[in-house]
Every structure is written in C-alpha cells, then in structure tokens.
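Colleague: Quick one: the structure is below, questions incoming.
The values are calculated or read from the model by the stated rules, or taken from the named source; none is laboratory data. For clarity, every value in this text was computed on a predicted model and none was experimentally measured. Here the Cβ is made from the backbone with ideal geometry for all residues, glycine too, and neighbour counts use every protein chain on show. Note: accessible area is taken over every heavy atom of the protein model, side chains too, but ligands, DNA and RNA are not part of it. Shrake-Rupley method; radii C 1.70, N 1.55, O 1.52, S 1.80 Å.
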Amino acid sequence: MERREVDAVVVGAGFAGMYMSFALRQRGYDVQGIEAAADVGGTWYWNRYPGARCDIPSLLYQYSWHEEIRTSWRWSEKYATQPEILAYANHCADILGIRPLYRFETRVTAAHWDEAADRWLVDTDKGEFLSARFLVMATGALSVPKEPDFPGLDSFNGPQLVTGRWPHQPVDFKGKRVAVVGTGSSAIQSLPHIAAEAAQVYVFQRTPNFSLPALNAPIPDEEREAFEAMWPMYKASIDAGEAGVELLPEDWEPTDEELAEHVRILWNGGGLVSTVQIPRLTKDERINNAACDFVRSQIRALVNDPVVAEKLCPTSFPISTKRACVDTDYYITFNRDNVTLVDLTEGAIEEVTPRGIRTANAEYEVDMIVWALGFDAMTGALTRVDIRGEEGRPLKDAWYAGPAMWMGMMVAGFPNLFTITGPGSPSVLMNVILAGEHNVEFVQAVVERMRARGQTRVTVDEAAQDAWVAHVRQEAEGTLFPRANSWYMGANIPGKPRVMLPYVGTDYKKRLNAIVAADFPDLRFSA
Ligand code: NAP
C-alpha cells in the first residue's frame, strides 16, 4: 500500500496540537495534522452548550509563548464564553497559518509501529495512509464524552443532546420540559441558561458537586494593565516551574478562626485559582473540612428550600478532589418554580421511556433530554485508537491495569510516540493551555536532539517509566484525591482501572527542565 511519508503526524487541533504542528513546521519538519472536527479549537469546538465558559480567569487562559497573539487579543470578560474562546483559537490559527497543515473532519483509526523503518504507519477514516517518524497525540484530556447507556434510550420521542457534542445550531428550550442529567461543570454551567427558557427542568443528580461563584464581569482596564505589567515576571515564573501567582507557604498552620476566615476566598470569584490559594487543601483534612463547611454554608444561604439545599450540599468527598465547578447563578436556579431537583440516591434512573426518564420512584415526562455525563477522561482518546507499539502490542493491553507512562508523555515499547497532557502529567490539575505548552516544548527538544544527531528512534527506559508510575501513585496516596469517585480516578467509567490519572506533584515543569538540562537520561536514542 502506498503511504505518504511525513516527519510527524500531529493528532488534534486544540491549543496544544496547533502549537505542536506550528513548532515542528517552523523548524522545517513536514507535518500532517489530523483533526476530527471541521475546524480548530478542540474542546471549545465541541462544548458549545449554553453557558460554557473557562473556569480559570481568561487573562491566564491563553498562549504564553507567542507575543503577537498575546498582545493582539483582548478578552472581554473575566471568564470568557465558549464563543469567545473559540474565536481566540481561530485568531491563533490565523496568525500561525495553521489550517493548511491539517486534514479536518478526519479521524486517526490506527497507528502501528513499523520496527524496520522506525516509523508510525497511520491510517485515517478518510482512507489516507501515512508513514511518520513521529506521532504526537494532542487529543485532549476530556474529548470522549461518556455516552448514556440506559435501557430504552432509542425509544425516547424527543431530541437528546450531549453537552460535549453540542449542535452548532441554537437549541430552543422555550416552553419545553427538559431533563438535565448530571451535575458536573457542564450541567452546572448550562442549567441556569436552560432554566431561564424552558417551561420545566428536572435536574437528575447522583452526586452533588462543590461549585464556586464566578462573579463574572467585564475586565476593568486597571486589571488589564496590572496584568500586563506583571506579565514578564509571571511568564518567567511559570517557565521556571513556579506557580506564577503568590501563594501562602505549604507549612501554613492557621488557627481554626484564621482558617475559617481564609477559606472565604473561595467566594471571591477567583475560581480554581482560589482553591490553589488554600495551602494543603487536597492533603490536610482539617483544612479541607473548613473549606467544605464554608461552601455548604453558602449553599444553604442561597437555596430557599432547606430540603433542596441539603440535597445540593456535597458530603461524600472532600472539596477539590473532584474538580470544583465555577458557576453563574447555579444554586439560586433551584429557587425557580420551574426547576425540580431529582435526587437519584433515592432511586436511580432505570430506563428512558418514549415520554421521558423513569427512576425507581417515578416517571418524569419531558420533551428533551440533556446528557451531561462527563468524559472518558485522559485515556479515552488514546485507547480508542488502535495504537500498536513494538511487537504489535496494543496500547490498550499495555494499559490494562492503568496507564503506564513516563512524565505523561511517553510509553515504554511505543517509540517516537508522544502524548500531550497525557495521564501521569499534571495537565487537568493546572492551566491546561500552559500544561500543553510545557509538553510541546519538551517534545520539540527531543525531536531536535534526534535530528542534530541523525537519530531515528527514541523510547523511554522501562525502569524509568516504572519509577514514574510509582511516583505518580505515591504522590496521589499522600492526598485526599483517592476518596472521590471522580474522573481523575477513572471512577466515572465502569470497568476503568481505578488509579489517579493526573500527576498531583507541583514540581513537574521543574523536572522537565532538569531532564532537558541533563540531556534526557531516561530516554534511549538510536540511529
Ligand atoms: P463530570 O464532572 O464528570 O460530571 C458528570 C455528571 O454526570 C456527574 O454529576 C455524574 O454523577 C453524572 N453521571 C454520570 N453517569 C451517570 C449515570 N449513569 N447516572 C446518573 N448520573 C450520572 O462531567 P462534566 O460536567 O462534563 O465535567 C467534566 C470536566 O470537564 C470538568 O471536571 C472540567 O474539568 C471540564 N469542564 C470544564 C468546564 C469549564 O468550566 N471550563 C466546563 C465543563 C467541563 P456522579 O458524580 O455521581 O458520577
């Protein structure tokens, strides 16, 4: 079979994929980008549900590596909307001239390592056959939606929508009875918008979540200027592997009164940045309990019906061990007459009927269903592709007991394969745009080193990988994360191994810098 030879295949045209493709192309590599969507944007292309916004401040949620992009873009609000972030992604694509490098509306179906040629043989669903020296999977941590699999699904008479694959045309909820299933970030952001239009909304909740108020607003000029003034320092700090924002020391030991006062910052509109400003929040039970108590007291103050308020108060996991949500008017939406909370702990969903959803207790008649069930996070986009490494070993088999990988980027036995923000990297626990940049720059350094020495193959040492996997596990065990049935733990997908997927350590970028400085001691290069 005739295969087109390229230097690299980059899968994904989100922020990380675009940067990777651009960086390689700029250095003269022949790059073929592949993207399932019709255009750039990654998660912001797909998640178009009403109310979708970023959950860290927009000024931080942007490329740090490209001065022209940075200075030519002006975010309008503290937390940008999905249309604005997608417009930003398009702005980046225009400046980088990235689109000609991509085949859009195309999926990689298989990638097999060709031992003899030191190349990846990559097939797509459009019948394209490629042979690439390097394969970079920039496929995103949250890109494979968890599909509803309730009995009777197809019998439902109305439209069914999935938040992670929202239609491009506006959805009209006016006068409709709507079921919203799930109470993660996607549901929490969309519910107030749906409830404002619909005749009636039933919110099906299995586990209540902690959500912090966005206090969204236009960005005042003074804030913009202050941010611009601190930019060089911030950029130097993150490049060096520091937090980029001022933090209290890790050994902070507040009195109970000081602690109760400090956790109030969760209500200051800082979103996920506020959670980082509470030292040891995900490690120290006393600190975490104080934060939980504070948020629950806020929920009780916001929700008029005390029974509903209690049902909305999370009690089964420590705050931040599931990613905290950032909302606009989520809790007060339950004060509306047209919103009903259905507590699935009192009776689970048994089936979808032609008229609606039937739980163990009742049938809820609706005209539309919105499924906000989350994602097969971090591994889903990688294991759904038929990736086979040395000796034809499928990645799925290599990861049977959980993702075995080094620095979240490389897998022993899968030479010349890189994953951007993969499992075992901090990715989703930090600003994911920056996390992507750190990985892209590392991959670029590896590829450049190989070109300089005329090498064609790089793999990671198995012992180094084992040590990294053990370290990732050990770091997680020292935290409260394993207590939650979260997607971080793979617990939201039946049958998925229960291991902490992201790396919780805060030294990741420092480690990457040290690895580059030491000339990649854990990697094995060959000509
Ligand atoms: P999620 O946080 O995983 O929430 C999924 C929801 O669906 C949970 O409430 C879950 O309940 C429920 N669910 C799943 N299967 C169910 C079943 N069989 N029956 C009943 N309920 C079921 O998903 P998400 O809301 O899409 O958010 C995922 C992640 O995407 C977020 O944590 C965040 O990282 C990212 N995100 C970010 C933003 C943003 O603000 N920028 C917005 C949306 C998403 P259980 O908790 O009981 O499993």
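Colleague: Given Pro249, Tyr202, Ala381, which one lies farthest toward the positive end of the charge dipole of the chain, if we put +1 on the Cβ of every Lys and Arg and -1 on the Cβ of every Asp and Glu?
Modeller: The Cα lying farthest towards the positive end belongs to Ala381.
Colleague: Report, in debye and to the nearest 20, how large the dipole of the chain comes out about its Cα centre when Lys and Arg carry +1 and Asp and Glu carry -1 on their Cβ.
Modeller: 840
Colleague: Counting pairs of alpha carbon atoms under 8 Å apart in space and at least six apart in sequence, what relative contact order in percent does the chain give?
Modeller: For the chain, the relative contact order is 19 percent.
Colleague: For Lys509, which lysines qualify as cross-link partners when the Cα separation must be under 20 Å and same-chain residues fewer than eight apart are set aside?
Modeller: Candidates past the 8-residue exclusion: Lys235.
Colleague: Hey, another quick one. Need one word for segment 200-307: rounded, prolate or oblate. Basis is the Cα gyration tensor (sqrt eigenvalues a ≥ b ≥ c); a/c below 1.5 gives rounded, then a/b vs b/c decides.
Modeller: It comes out oblate by the Cα gyration axes.
Colleague: Report the net charge of residues surrounding Pro192, where surrounding means a beta-carbon distance below 12 angstrom and charges are Lys +1, Arg +1, Asp -1, Glu -1.
Modeller: Once all neighbours under 12 Å are counted, the net charge is -1.
Colleague: While we're looking at this one, here's another question. Taking 0.36 nm per intervening residue step and subtracting the Cα-Cα distance, what contour gain separates Glu257 from Asp154 on full extension?
Modeller: Between Glu257 and Asp154, full extension yields 31.6 nm more.
Colleague: Between Asp114 and Ala470, what's the calculated FRET efficiency when r is the beta-carbon distance and R0 is 45 Å? Round to 0.05.
Modeller: Taking R0 as 45 Å, the efficiency between Asp114 and Ala470 is 0.90.
Colleague: Could you sort the peptides 187-194, 170-177, 505-512, 53-60 by per-residue average Cβ neighbour count (10 Å cutoff), highest mean leading?
Modeller: Ranking, from highest mean packing down: 187-194, 53-60, 505-512, 170-177.
Colleague: Not counting the cut sites, what is the longest span of the chain without GluC sites (Glu not before Pro) that DSSP labels loop and that have at most 13 other Cβ atoms within 10 Å?
Modeller: Free of exposed loop sites, the longest segment is 251-527.
Colleague: Same structure again: Quantify, in whole percent, the carbon and sulfur part of the accessible surface of the chain (1.4 Å probe; protein heavy atoms only).
Modeller: C and S fraction of accessible area: 50 percent.
Colleague: Counting DSSP beta bridges in segment 93-218, what percent are antiparallel, to the nearest 5?
Modeller: The antiparallel proportion sits near 65 percent.
Colleague: Note down the nm distance, to one decimal, between modelled labels 7 Å out along Cα→Cβ at Asp172 and at Ala527.
Modeller: Inter-label distance under the simple model: 6.9 nm.
Colleague: Please say if segment 308-374 is rounded, prolate or oblate, where rounded means a/c under 1.5 for a ≥ b ≥ c the square roots of the C-alpha gyration tensor eigenvalues, and otherwise the choice is prolate for a/b larger than b/c and oblate otherwise?
Modeller: Note, shape of segment 308-374 comes out prolate.
Colleague: Moving to a separate point now. Defining a contact as two alpha carbons under 8 Å apart and six or more residues distant in sequence, what relative contact order in percent does segment 177-371 show?
Modeller: 35
Colleague: Quick check: the angle from helix 462-477's long axis to the longest principal axis of the chain, C-alpha only, nearest 10 degrees?
Modeller: Rounded to the nearest ten degrees, it is 20.
Colleague: Could I ask something else about it? Quote to one decimal, in nm, the extra length available between Ala463 and Glu242 on full extension: 0.36 nm per residue of separation minus the C-alpha distance between them.
Modeller: Working it through step by step, the gained length comes to 76.8 nm.
Colleague: While we're here: Could you please state, rounded to a whole Å, how far the C-alpha centre of segment 205-241 is from the C-alpha centre of segment 255-327?
Modeller: Using only Cα atoms, the two centres lie 19 Å from each other.
Colleague: Taking the alpha-carbon centroid of each part, what is the distance from segment 471-491 to segment 101-174 in angstrom?
Modeller: 27
Colleague: Under 1.5 on a/c is rounded, so check that first for segment 8-90, then, if it is not, pick prolate when a/b is larger than b/c and oblate when it is not; a ≥ b ≥ c are the square roots of the alpha carbon gyration tensor eigenvalues.
Modeller: oblate
Colleague: Then there's this: How big is D for the chain, in µm² s⁻¹ as a whole number, if Stokes-Einstein is applied with the Kirkwood radius of its Cα pairs at 4 °C and 1.567 mPa s?
Modeller: Using the Kirkwood radius from Cα pairs, D works out to 54 µm²/s.
Colleague: If the viscosity is 1.306 mPa s and the temperature 10 °C, what translational diffusion coefficient in µm²/s does Stokes-Einstein give for segment 177-371 when Rh comes from Kirkwood over Cα pairs?
Modeller: The calculation lands on 85 µm²/s.
Colleague: Just from its helices, what would the mean residue ellipticity at 222 nm be for the chain, if runs of 4 or more DSSP H residues each count -39500 (n - 2.57) and the sum is divided by every residue, rounded to the nearest 500 deg cm²/dmol?
Modeller: -9500 deg cm²/dmol
Colleague: Lys and Arg at +1, Asp and Glu at -1: add these up for the other residues within a Cβ distance under 9 Å of Ala110 and post the number.
Modeller: Net charge in that neighbourhood comes out at -1.
Colleague: While we're on this one: Could you check the simple spin-label distance between Val516 and Trp267, using points 7 Å along Cα→Cβ, in nm with one decimal?
Modeller: 4.3
Colleague: Out of segment 228-295, which trypsin sites (Lys or Arg not before Pro) are coil in DSSP terms and have no more than 16 other C-beta atoms within 10 Å?
Modeller: Lys283
Colleague: Further, regarding this structure: Alpha carbon centre of segment 340-419 versus segment 11-71: separation in Å?
Modeller: 23
Colleague: Pick out, from Val263, Thr340, Ala217, the residue whose Cα sits farthest towards the positive end of the charge dipole of segment 177-371, with +1 on the Cβ of Lys and Arg and -1 on the Cβ of Asp and Glu.
Modeller: Projecting each Cα onto the dipole axis, the largest value belongs to Thr340.
Colleague: Further, regarding this structure: Using the Kirkwood radius over Cα pairs, work out the Stokes-Einstein diffusion coefficient for segment 371-527 at 37 °C and 0.692 mPa s, in µm²/s as a whole number.
Modeller: After rounding, the answer is 203 µm²/s.
Colleague: Now for a separate question. About the Cα centre, and with charges only on the beta carbon of Lys, Arg (+1) and Asp, Glu (-1), how big is the dipole of segment 371-417? Nearest 20 debye, please.
Modeller: 60
Colleague: Now, a different point. If you filter segment 108-144 for chymotrypsin sites (Phe, Trp or Tyr not before Pro), then keep DSSP loop positions with at most 16 other Cβ within 10 Å, what is left?
Modeller: none
Colleague: Here is a follow-up. Could you do me a favour and compute the accessible area per residue for the chain, 1.4 Å probe, result in Å²?
Modeller: 41
Colleague: Which listed residue (Trp113, Thr124, Ser72) has the Cα farthest towards the positive end of the charge dipole for segment 62-154, taking +1 on Lys and Arg C-beta and -1 on Asp and Glu C-beta about the Cα centre?
Modeller: Farthest towards the positive pole: Ser72.
Colleague: Nearest 5 is fine: what % of DSSP beta bridges in segment 177-371 come out antiparallel, could you say?
Modeller: Given both bridge residues lie in segment 177-371, the antiparallel proportion sits at roughly 25 percent.
Colleague: Which of the lysines could a cross-linker bridge to Lys496, judged by Cα under 22 Å and excluding same-chain residues fewer than eight apart?
Modeller: Within the straight-line limit of under 22 Å, Lys496 reaches these lysines: Lys146, Lys322, Lys396.
Colleague: Also: Stretch Glu225-Ala360 to full length: gain in nm at 0.36 nm per residue minus the Cα-Cα span?
Modeller: Between Glu225 and Ala360, full extension yields 43.0 nm more.
Colleague: Quick check on the chain: of the DSSP beta bridges with both residues there, what percent are antiparallel, nearest 5%?
Modeller: 40
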